[in-house]
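Engineer: First the structure, which I've put down as structure tokens, then a few questions once you've had a look.
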2 protein chains.
Amino acid sequence: MTGSKFQRGKASIAFEEGPQIIGQASVAGKKEGEGPLAAYFDVIEPDPMVGCDNWEAAESALQKEAADLAIEKAGLVRTEVRYLFAGDLLGQLIATSFGTVDLEIPVFGLYGACSTIGEALCLGAMTVEAGYAEYVMAMASSHFASAEKQFRFPLEYGNQRPLSTTWTITGCGSFILGKRGGRVRITGITPGKIVDMGLKDSMNMGACMAPAACDTICRNLEDFGRRPKDYDKIITGDLGEVGQKILLDFVKSRGYEIADRHMDCGIEIFDKESQDTHSGGSGCGCSAIVLAAYILPKLASGEWKRVLFLPTGALLSSTSFNEGQSVPGIAHGVVLEHCSE
Amino acid sequence: MTGSKFQRGKASIAFEEGPQIIGQASVAGKKEGEGPLAAYFDVIEPDPMVGCDNWEAAESALQKEAADLAIEKAGLVRTEVRYLFAGDLLGQLIATSFGTVDLEIPVFGLYGACSTIGEALCLGAMTVEAGYAEYVMAMASSHFASAEKQFRFPLEYGNQRPLSTTWTITGCGSFILGKRGGRVRITGITPGKIVDMGLKDSMNMGACMAPAACDTICRNLEDFGRRPKDYDKIITGDLGEVGQKILLDFVKSRGYEIADRHMDCGIEIFDKESQDTHSGGSGCGCSAIVLAAYILPKLASGEWKRVLFLPTGALLSSTSFNEGQSVPGIAHGVVLEHCSE
């Protein structure tokens with residue numbers, strides 16, 4: 001057990017064994033399936049309604065599909081997965097509640113905005129490392145249309161979007177963690193703090209989340225006694241192009257240079273020019289499907305040896321926004337390493 | 001470590017040491033402070049706005065107050081609390097995000113509807129038992145007015161409420177868990193599964209949650225090889241009077257008789273006759289403040305030796321309700337025992 005290694009004032013955990021990711025699935029929407037990562041996704045859903053009657057049910061359908069595929073790819077059956085750590089962006093997590101009820105797996109519902117898959121991987125890894133379960137699942141989803149309805153305007157309104165906005169991706173990423181049997185290990189975590197710089201622009205969430213990403217990156221480097229060069233890549237969730245610039249400046253002001261190894265899932269997932277997605281992609285599903293489809297295979301093959309993966313979340317609701325509140329950010333850090341077993 | 005004790009197909013965890021609750025705080029609203037448990041609460045807030053400009057900020061203020069008081073009562077300072085497990089009922093957990101940002105403690109945002117404090121205690125206990133942290137905090141809140149606005153009608157509408165409805169309580173319960181130093185120990189947990197019986201009445205949430213409570217109670221008894229008499233009390237969160245009747249029938253049909261030891265926080269917190277609260281109290285804060293104010297002292301004194309505490313949640317949003325979805329339930333079970341240390 002690693003638990004005894006904690007140090008006062010530090011929030012990171014270094015796992016001694018390090019749970020492995022033994023199966024993962026990425027289910028992407030049509031637009032995501034027309035982007036630069038199209039070839040990597042397990043499934044591309046051509047129908048935005050996924051055969052359902054409404055956007056929320058469509059998102060639940062993505063979860064069902066990703067969950068079953070991840071279990072299958074891990075060579076397991078549902079009853080072997082002991083706990084599920086899952087969430088989405090919708091109020092009261094309805095995509096998750098209705099998407100996972102048929103699994104009949106005890107579930108811990110999580111909300112960390114677009115950082116949710118980071119939160120799920122942290123808790124899932126803690127659970128497996130401690131020996132509370134042989135296998136657990138971590139999952140997060142988002143859907144462009146359910147998110148627009150939840151946070152912004154009805155699609156029919158056809159509102160204009162400033163260039164700093166990101167495009168909520170349609171997709172779901174699901175991961176099975178176990179003690180062994182994978183090619184990628186979670187060797188440590190740095191759970192996120194809420195960071196509020198007082199920014200209030202819900203159309204520029206990259207700027208709202210960048211300070212939280214900076215905080216988690218710097219705490220990770222300090223807690224583990226590492227330099228940026230100890231990571232092949234430092235990969236944020238969905239800062240987009242605007243948020244990336246701010247992050248690099250913030251991190252530099254703290255004494256670290258990460259521009260040569262920073263990557264952002266939101267920037268990777270769309271082709272800015274041809275797909276008209278402005279600052280990039282976002283949503284719980286964004287970092288989740290990029291992790292499943294693109295990042296994990298590069299770690300599994302050994303092309304990358306060690307990556308710091310940081311899904312980023314902007315903590316707002318339409319209520320808090322309308323009441324003039326700021327948009328705090330949070331970023332949960334997960335250290336992923338190639339393993340040869 | 002207990003982890004190796006897990007059995008396939010069973011979701012309960014028996015802790016070997018069992019983290020202790022070393023400090024707790026209950027902050028209640030005015031109406032709750034006029035009910036049968038008035039004398040037990042740490043703080044009764046006379047102002048429903050808690051000095052804030054809106055209901056959501058008022059709920060955040062309850063969280064701040066409960067968090068600080070629990071830390072103080074545990075004899076700690078903020079920086080000694082390593083992780084926070086917290087949630088509320090509002091979309092995107094805004095009461096929690098804005099209520100805990102000043103704590104600067106890494107946070108795992110949780111949503112389990114009114115079962116959230118059970119989810120938080122499960123994860124907090126797992127974290128302390130595994131040695132990932134010396135101290136963690138579990139917290140959940142609700143506010144009558146922010147919940148009515150979120151789930152039902154504006155208060156100004158003055159809508160009628162059927163007798164099966166419950167009254168969302170205003171309050172926040174906060175708990176500090178540590179390895180030792182308390183008089184109550186968490187000796188085991190039974191995380192909840194989502195149970196959907198197809199009920200659709202959001203004005204009768206007790207009925208929607210009772211099947212989930214039954215499922216968790218029966219799984220707890222089976223996983224731990226216990227009979228109901230092994231618990232001094234089996235205490236659900238907020239089934240209310242209607243839900244209680246259904247629960248007792250359901251449990252009986254599974255071969256267990258618990259009527260002589262069942263208690264429901266939602267029934268205890270209000271005086272039905274004089275307070276016009278129909279089926280009882282509900283909300284994340286309901287089971288949280290009843291646990292902090294009423295249940296834990298009885299366990300600490302040894303009046304009760306072992307209790308099964310089961311906060312219950314109804315998984316719906318106004319969106320899912322309006323789309324004709326059912327209201328699934330979930331209940332997270334926590335085994336609490338008197339300890340003499």
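Engineer: Test of the criteria: in the stretch B:146-219, which trypsin sites (Lys or Arg not before Pro) are in a DSSP loop and have at most 16 other Cβ atoms within 10 angstrom of their Cβ? List each step's numbers first, then the result.
Structural biologist: Details: sites: B:149, B:152, B:179, B:180, B:183, B:185, B:193, B:200, B:219; in loops: B:152, B:179, B:180, B:183, B:193, B:200.
When the trypsin sites (Lys or Arg not before Pro) of the stretch B:146-219 are filtered for loop state and at most 16 Cβ neighbours within 10 Å, B:179, B:180, B:200 remain.
Engineer: If you filter the stretch B:204-296 for GluC sites (Glu not before Pro), then keep DSSP loop positions with at most 14 other Cβ within 10 Å, what is left? Spell out each step's value before the answer.
Structural biologist: Values: sites: B:222, B:241, B:257, B:268, B:273; in loops: B:257.
Those that pass, being in a loop and sparsely packed, are B:257.
Engineer: Where Lys and Arg each count +1 and Asp and Glu each count -1, what net charge lies around residue A:69 among other residues with Cβ under 14 Å from its Cβ? Walk me through the intermediate numbers first.
Structural biologist: Values: positive: A:64, A:73, A:78; negative: A:42, A:45, A:65, A:68, A:72.
Counting the neighbours of residue A:69, the net charge comes to -2.
Engineer: How big is the C-alpha Rg of the stretch B:185-239 next to the rule-of-thumb value 2.2 N^0.38 Å, as a ratio?
Structural biologist: Normalised Cα radius of gyration, the stretch B:185-239: 1.26.
Engineer: To one decimal place, what Kirkwood hydrodynamic radius in Å is obtained for chain A from all pairs of distinct Cα atoms? Intermediate results must be reported in sequence, preceding the final value.
Structural biologist: Working: mean 1/r = 0.0516 Å⁻¹.
Hydrodynamic radius (Kirkwood, Cα only) of chain A equals 19.4 Å.
Engineer: Based on alpha-carbon positions alone, could you give the equivalent ellipsoid semi-axes of the protein assembly as shown from the gyration tensor, as √(5λ), descending, whole Å?
Structural biologist: Result for the protein assembly as shown: semi-axes of 36, 27, 24 Å.
Engineer: Given the convex hull over the Cα atoms of the stretch A:40-101, what projected area results after averaging over all orientations, in nm²?
Structural biologist: The number I arrive at for the stretch A:40-101 is 5.0 nm².
Engineer: Of all the Cα-Cα pairs you can form in the stretch B:184-338, what percent are over 29 Å apart?
Structural biologist: Everything past 29 Å amounts to 13 percent.
Engineer: Nearest-5 percent of antiparallel DSSP beta bridges in the protein assembly as shown?
Structural biologist: The answer is about 65 percent antiparallel.
Engineer: Under DSSP H, which helices of chain B have Cα atoms covering 15 Å or more of the helix axis and a Kyte-Doolittle average no less than 1.0?
Structural biologist: Helices passing the filter in chain B: B:116-129.
Engineer: Multiplying the sequence separation of residue A:200 and residue A:40 by 0.36 nm and subtracting their Cα-Cα distance, what value in nm do you get?
Structural biologist: 54.1 nm
Engineer: Turning to a different aspect of this structure: For the stretch A:41-101 and the stretch B:22-98, compute the distance between their C-alpha centroids and round to whole Å.
Structural biologist: What the calculation gives is 34 Å, centre to centre.
Engineer: Residue-wise, which Karplus ³J(HN,Hα) couplings in Hz belong to the stretch B:265-273, taking 6.51 cos²θ - 1.76 cosθ + 1.60, θ = phi - 60°, and x for glycine or proline?
Structural biologist: 4, x, 7, 6, 6, 10, 8, 4, 5
Engineer: To continue, here is another question. Taking 8 Å as the Cα distance limit and 6 or more residues as the minimum spacing, I'd like the relative contact order of the stretch B:3-178 as a percentage.
Structural biologist: 29 percent
Engineer: For the pair residue A:227 and residue A:276, what calculated FRET efficiency results from E = 1/(1 + (r/R0)^6), where r is the Cβ-Cβ distance and R0 = 56 Å, to the nearest 0.05?
Structural biologist: E between residue A:276 and residue A:227, to the nearest 0.05, is 0.90.
Engineer: On a straight-distance basis, which aspartates and glutamates could pair with residue A:10 in a cross-link, Cα separation under 13 angstrom, same-chain partners fewer than 8 positions away excluded?
Structural biologist: By straight Cα distance, residue A:10 reaches A:215, A:222, A:223, B:80, B:104, B:134.
Engineer: Further question on the same structure: Of A:143, B:332, B:338, how do they rank once you tally other Cβ atoms within 10 Å and put the fewest first? Before the final figure, lay out each step's value.
Structural biologist: Values: A:143 33, B:332 30, B:338 18.
Fewest-to-most ranking of A:143, B:332, B:338: B:338, B:332, A:143.
Engineer: Please find the FRET efficiency linking residue A:253 to residue A:153, where r is the Cβ-Cβ separation and R0 is fixed at 30 Å, and quote it to the nearest 0.05.
Structural biologist: 0.25
Engineer: Along Cα→Cβ at 7 Å, what distances in nm separate the residue A:40 label point from those on the other copies, shortest first?
Structural biologist: Listed shortest first, these distances are 5.3 nm.
Engineer: Which FRET efficiency value, to the nearest 0.05, do you get for residue A:298 and residue A:53 by plugging their Cβ-Cβ distance into 1/(1 + (r/R0)^6) with R0 = 56 Å?
Structural biologist: With a Förster radius of 56 Å, E is 0.90.
Engineer: Check each of the GluC sites (Glu not before Pro) in the stretch A:296-339 and keep only those in coil by DSSP with at most 12 other C-beta atoms within 10 angstrom; list them in order. List each step's numbers first, then the result.
Structural biologist: Numbers: sites: A:303, A:323, A:337; in loops: A:303, A:323.
Hits after loop and neighbour filter: A:303.
Engineer: Please report the projected area of the stretch B:68-148's Cα convex hull averaged over all directions, in nm².
Structural biologist: Quarter of the Cα hull surface area: 5.3 nm².
Engineer: Still on this structure, I have one more. What are the distances, in nm and sorted shortest first, from the label point of residue A:300 to the label points of the same position in each other copy, with each label point placed 7 Å from Cα along the Cα-to-Cβ direction?
Structural biologist: Ordered by increasing distance: 5.2 nm.
Engineer: Less than 11 Å Cβ to Cβ from residue B:94, Lys/Arg counted +1 and Asp/Glu -1: what total charge do the surrounding residues give?
Structural biologist: Result for the neighbourhood of residue B:94: -4.
Engineer: My understanding is that a pair violates if its Cα-Cα distance is over 18 Å; which of B:245/B:272; B:200/B:272; A:179/B:193 do that in this structure?
Structural biologist: B:200/B:272; A:179/B:193
Engineer: Follow-up question, since we're still on this one. Two-decimal Rg/Rh of the stretch B:123-239 from alpha-carbon positions, Kirkwood Rh? Please list the in-between numbers first.
Structural biologist: On the way: Rg = 18.0 Å, Rh = 17.4 Å.
Checking Rg against Rh, the ratio lands at 1.03.
Engineer: Take the Cα coordinates of the stretch B:3-178, assign each an equal point scatterer, and use the Debye formula without solvent to give log10 I(q)/I(0) at q = 0.17, 0.19 Å⁻¹.
Structural biologist: Treating every Cα as an identical point scatterer, log10 I(q)/I(0) equals -1.04, -1.22.
Engineer: Using a label point 7 angstrom from Cα along Cα-to-C-beta, what distances in nm, from shortest up, separate residue B:102 from the other copies?
Structural biologist: Label point to label point, same position, other copies: 4.7 nm.
Engineer: Starting from the 7 Å offset along Cα-to-Cβ, what nm value, one decimal, do you get for the label separation of residue A:322 and residue B:16?
Structural biologist: The answer from the label model is 5.3 nm.
Values in this text are rule-based calculations from the coordinates and carry no lab data. Remember, it's a predicted structure, so these values are computed and weren't measured experimentally. No Cβ is skipped: glycine too gets one built from the backbone with ideal geometry, and neighbour counts run over all protein chains shown.
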